[in-house]
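Asker: Attaching a single structure in structure tokens format; questions to follow.
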Amino acid sequence: MNAIRINSAHGDSYEVVVGHDILPSLGQRCRGIGLGDRCALIADAALPETLANATAASLRQAGFEVLVIPYAAGEGGKNLASVEQLIGHMLKAGYDRGAWVAALGGGVVGDLAGFVAATFLRGVDVVQVPTTILAQVDASIGGKTAVNHSLGKNLIGAFHPPRLVLTDTGALRSLPTPEVVSGLAEVVKHGIIGDVELFAFLEARIEDVVHMKLDADELDWLITRNAQIKADVVSADEREGGLRAILNYGHTIGHAIEAATAYKRYRHGEAVLLGMIAAGDLSARRGLWTSAAEHARHDALIERLGIRCCRR
């Protein structure tokens, strides 16, 4: 098990805890950081029922009252209407400012639940329990929360750092292959923007990662390495005043692709992979690559994930 400490600009800090099959420790960890007694568990309805039940059970065994709220709308429903519905569940249950939110699922649920926590009664605590690669290495870390507007993705949001991120890499074993590929967009991105060793590992083992053939230690290393990259950037630039923009590599065009296709044709990571190919081409046109060979390595790794982009 590994723990990464992230410092917030407000003087607060929180841990990203990474390990295989550590979900049962969630309740006691939440007790250890002094959270209130009532928890709204916003859970992706597509998750295996056993996973949601195990999460709720861990919290209840630690003495928390848990309101389980399934979320089933996906990226297309990550909007203010869903926020209103989720907050309505909490209000009807009599939750007050002493309550807190736990997000169980991928990046969509993490974004949405984080924004609910940021806005419910002007802000309550949130704990992230990411279950996809994308969420474990990116979306759950850094405190950016948001929902979509009809004019674009993530245009309504707030910076609201979590109190804890508990990353159980064992949850990745049950992911369908397309979801693994989507999440690997963020892993490939981290290798491209600044980790030569990680990029080389992906060149050597990308198919093993896609098909979840890594053992527990290897998988923990991969997720921890990526979480550390994200943590280092957000600790240095929490509010995206400069350095943090590097994490948007592939996302500007990727978000446009998602919006243009009504969030129905591509998974988020697939759109980001296409965005990285486009960004690489733009860099080539401006003469920013150190060599054509490096550009070719960039595209070759992305294409091994099944992403193709036609060039004229």
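Asker: Which of the residues that make up the stretch 1-44 are at pLDDT 95 or above, of a type in the set (A, V, I, L, M) and not in a strand (DSSP E or B)?
Answerer: I22, L23, L26, I33, L35 - these are the residues of the stretch 1-44 that are at pLDDT 95 or above, of a type in the set (A, V, I, L, M) and not in a strand (DSSP E or B).
Asker: Sticking with this structure for a sec: From L184, L172, grab the single residue that is without any contact (Cβ under 8 Å) to a residue 60 or more places away in the chain, farther than 21 Å from S235 by Cα, under 17 Å from the mean Cα position of the chain (by Cα) and buried (at least 22 other Cβ atoms within 10 Å of the Cβ).
Answerer: L172
Asker: What about P161, is it more than 14 Å from the chain's Cα centre (by Cα), not in a strand (DSSP E or B) and not basic (K, R)? Walk me through how you get there before you give the answer.
Answerer: On the way: more than 14 Å from the chain's Cα centre (by Cα): no; not in a strand (DSSP E or B): yes; not basic (K, R): yes.
Against the criterion (more than 14 Å from the chain's Cα centre (by Cα), not in a strand (DSSP E or B) and not basic (K, R)), P161 does not qualify.
Asker: Take the residues in the stretch 90-108 that are more than 17 Å from A56 (Cα to Cα) and part of a helix (DSSP H, G or I); name whichever of them is farthest from the chain's Cα centre (by Cα).
Answerer: For the stretch 90-108, the residue satisfying everything is K92.
Asker: Would you confirm whether or not the stretch 221-229 contains a residue that is free of Cβ contacts under 8 Å to residues at least 12 places away in the same chain and part of a helix (DSSP H, G or I)?
Answerer: Yes; the residues of the stretch 221-229 include at least one that is free of Cβ contacts under 8 Å to residues at least 12 places away in the same chain and part of a helix (DSSP H, G or I).
Asker: Just checking, which of L151, L121 is at negative phi and not assigned by TED's automatic domain parsing to the domain that holds R265?
Answerer: Going through L151, L121 in turn, the sole match is L151.
Asker: Something else now. Here's a check for you: in the stretch 218-231, which residue that is over 14 Å from S140 (Cα atoms) and out of contact with any strand residue (DSSP E or B) (no Cβ under 8 Å at 6 or more places or on another chain) is surrounded by the fewest Cβ atoms within 10 Å (Cβ to Cβ)?
Answerer: Filtering the stretch 218-231 for residues that are over 14 Å from S140 (Cα atoms) and out of contact with any strand residue (DSSP E or B) (no Cβ under 8 Å at 6 or more places or on another chain), the one surrounded by the fewest Cβ atoms within 10 Å (Cβ to Cβ) comes out as E218.
Asker: Taking the condition of being touching a His at 6+ places or on another chain (Cβ under 8 Å) and either part of a helix (DSSP H, G or I) or at pLDDT below 95 (or both), how many residues in the stretch 109-128 meet it? If you could, list the steps in order and put the result at the bottom.
Answerer: Narrowing the stretch 109-128 to residues touching a His at 6+ places or on another chain (Cβ under 8 Å): 114-115, 117-118, 123, 126.
Filter once more, keeping what is either part of a helix (DSSP H, G or I) or at pLDDT below 95 (or both): 114-115, 117-118.
Selection size over the stretch 109-128: 4.
Asker: Answer with yes or no whether R308 is outside the structural domain of E207 (by TED's automatic domain parsing), without any contact (Cβ under 8 Å) to a residue 60 or more places away in the chain and part of a loop (DSSP other than H, G, I, E, B).
Answerer: Criteria met by R308.
Asker: Can you spot a residue in the stretch 204-219 that is within 27 Å of H160 (Cα to Cα), out of contact with any Lys or Arg (no Cβ under 9 Å at 6 or more places or on another chain), touching a residue at least 40 places away in the same chain (Cβ under 8 Å) and part of a helix (DSSP H, G or I)?
Answerer: no
Asker: Read through the list (1) assigned to a loop (DSSP other than H, G, I, E, B); (2) surrounded by 21 or more Cβ atoms within 10 Å (Cβ to Cβ), then give the number of the only condition that R239 fails.
Answerer: (2)
Asker: Inspect the stretch 277-291 for any residue being touching a residue at least 60 places away in the same chain (Cβ under 8 Å) and either outside any loop (DSSP other than H, G, I, E, B) or not acidic (D, E) (or both) and give the result as yes or no. Quick ask: steps written out before the conclusion?
Answerer: Applying the first criterion (touching a residue at least 60 places away in the same chain (Cβ under 8 Å)) to the stretch 277-291 yields none.
Checking the stretch 277-291: not a single residue is touching a residue at least 60 places away in the same chain (Cβ under 8 Å) and either outside any loop (DSSP other than H, G, I, E, B) or not acidic (D, E) (or both).
Asker: If a residue must be of a type in the set (D, E) and closer than 25 Å to G157 by Cβ, how many such residues does the stretch 191-247 contain? It would help to see each step written out before you state the result.
Answerer: First pass over the stretch 191-247, keeping only residues of a type in the set (D, E): 195, 197, 203, 207-208, 215, 217-218, 220, 232, 237-238, 240.
After this cut, where a residue has to be closer than 25 Å to G157 by Cβ as well, the list is 232, 237-238, 240.
Selection size over the stretch 191-247: 4.
The values are calculated or read from the model by the stated rules, or taken from the named source; none is laboratory data. Owing to the predicted nature of the structure, the values given are computational and were not obtained by experimental measurement. Reconstructed Cβ throughout: ideal geometry from the backbone, glycine too, with neighbour counts over all protein chains shown.
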